[in-house]
Protein chains: 2
Amino acid sequence: MRLSDGVESGVHVCVLLATLPNGAALPAAKLAEYHGVPAAYLAKHLQALAGADVLRTVKGARGGYRLARPADEITVLDVVEAIDGGESAFRCSEIRRRGPLAMPAREYTKVCGIHHVFTRADEVWRAELARTTITDLLMGVLRDVPRAALEKGARWLQDSAR
Amino acid sequence: MRLSDGVESGVHVCVLLATLPNGAALPAAKLAEYHGVPAAYLAKHLQALAGADVLRTVKGARGGYRLARPADEITVLDVVEAIDGGESAFRCSEIRRRGPLAMPAREYTKVCGIHHVFTRADEVWRAELARTTITDLLMGVLRDVPRAALEKGARWLQDSAR
DNA sequence: GCTTTCTCGGATAGCTAGTATCCGTATTAT
DNA sequence: ATAATACGGATACTAGCTATCCGAGAAAGC
Ligand code: SF4
Ligand code: SF4
């Protein structure tokens, strides 16, 4: 089981955008450069995030991406579902309908126990991700990252926002 | 994000094996036929389950597979980890080490907040799966599946155990 | 109004992990 | 001995994800 690779960049982008002043935007190329990931690929994820109303696009010259909502109203789950999709990890192929035990479809009214376990597990997983907002993550970064690195980042932002 | 396809068959196999009398075994070919899945493929998953000490193999003629432990000591998580692997869904590529913000490796001592969120989510997911045993699932089947189907299944088992 | 800058959206190649299969060998009951 | 069965490696196939490209269109600035 593997989460889409783009989720990581997606979350990082949101955290970075959360540091920008009110309505400012940052173009996709800069975001890619900042994180050291291929720009063309990141663009796809940015579009997905924009489509999911996590990011807002600012078109035209001096445009780019910015958060669509306040950072404390965006959860990690929002980012995950935008990029990785909202489907459950478990997909059953209705095994019980096959083989010699098979019965007519109408016999199977309720969701079976096996299916149910995985559905519940999926729900708690998502609930846990929904618990943390971009603001929470930003706080963590400000606390954990050494001052020197923070200043380096801030300087870079100034230069490229120009 | 997608769970390995074989997990479904794996769980079904365990539930079926839980219905067998004490030390009886069922060959891979029969298990595959019962569930209507390709035998050669199922064999792989069975081996994985045996390697993870979920199933026990009985070699030689009239051999097959049986549960390695009592059904109420086998959790759904055991099956999932045997077939799908125990790795977390989220794998970070250390983005913070790339790009202009990069700093020497020794600066990054603790696990970052982003990483932490996904680790925690993964833990609750696994905890939820560990909550349910094969016995629990078997109970559910006995309760939910119509009597006619149960008898059909029992008859089939008799015939093929011969 | 024209030009420049930048995003949007689709179209498409490349790659990796997972799916599915085969067969020769080892092991055991009869 | 013979038949039945697990084991393990080798391998083809496939879907989904990774990564890239480019033209159309929209906003900003002159
Ligand atoms: S019994 Fe449950 S898990 Fe198995 S095929 Fe049916 S719905 Fe899916
Ligand atoms: S900041 Fe966290 S999630 Fe991002 S690359 Fe580093 S460890 Fe991974």
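The values are calculated or read from the model by the stated rules, or taken from the named source; none is laboratory data. Everything quoted here is computed from the prediction, not taken from an experiment. Here Cβ is always computed from backbone atoms with ideal geometry, including for glycine, and neighbour counts include all displayed protein chains.
Brief remarks follow.
- Some residue of segment B:68-88 being part of a loop (DSSP other than H, G, I, E, B), surrounded by 15 or more Cβ atoms within 10 Å (Cβ to Cβ), within 16 Å of ligand 2 (Cβ to nearest atom) and of a type outside the set (Val, Ile, Thr): yes
- Subset of segment A:34-50 [surrounded by fewer than 17 Cβ atoms within 10 Å (Cβ to Cβ), in a helix (DSSP H, G or I) and more than 12 Å from the chain's Cα centre (by Cα)]: A:Ala39, A:Ala40, A:Tyr41, A:Ala43, A:Lys44
- Boolean, A:Ser9 is in a loop (DSSP other than H, G, I, E, B), within 15 Å of DNA strand C (Cβ to nearest atom) and under 30 Å from B:Ser4 (Cα atoms): no
- B:Arg97 being at pLDDT 80 or above and farther than 21 Å from B:Leu31 by Cα: no
- Among (1) touching a helix residue (DSSP H, G or I) at 6+ places or on another chain (Cβ under 9 Å); (2) closer than 30 Å to B:Ser4 by Cβ - the single one A:Leu31 does not satisfy: (2)
- Considering each residue of segment B:42-65 in turn, none proves to be touching a residue at least 24 places away in the same chain (Cβ under 8 Å), of a type in the set (Ser, Thr, Tyr), within 14 Å of chain A (Cβ to nearest Cβ) and away from ligand 2 (no atom under 16 Å from the Cβ).
- Selection status of B:Leu3, at the interface with chain A (Cβ under 10 Å from one of its Cβ atoms), within 30 Å of A:Arg126 (Cβ to Cβ) and not in a helix (DSSP H, G or I): yes
- B:Val11 touching a residue at least 60 places away in the same chain (Cβ under 8 Å), farther than 19 Å from B:Pro70 by Cα and at the interface with another protein chain (Cβ under 9 Å from one of its Cβ atoms): no
- Scan of segment B:122-147 for residues that are modelled with pLDDT under 85 and not charged (D, E, K, R), ordered by number: B:Val145, B:Pro146
- Some residue of segment A:18-30 being surrounded by fewer than 22 Cβ atoms within 10 Å (Cβ to Cβ), of a type outside the set (Gly, Ala, Ser) and not in a loop (DSSP other than H, G, I, E, B): yes
- Residue in segment A:89-98 that is of a type in the set (Phe, Trp, Tyr) and more than 16 Å from ligand 1 (Cβ to nearest atom) present: no
- Residue match in segment A:63-80 (condition: closer than 26 Å to B:Val111 by Cβ, away from ligand 1 (no atom under 16 Å from the Cβ), at pLDDT below 90 and more than 12 Å from the chain's Cα centre (by Cα)): no
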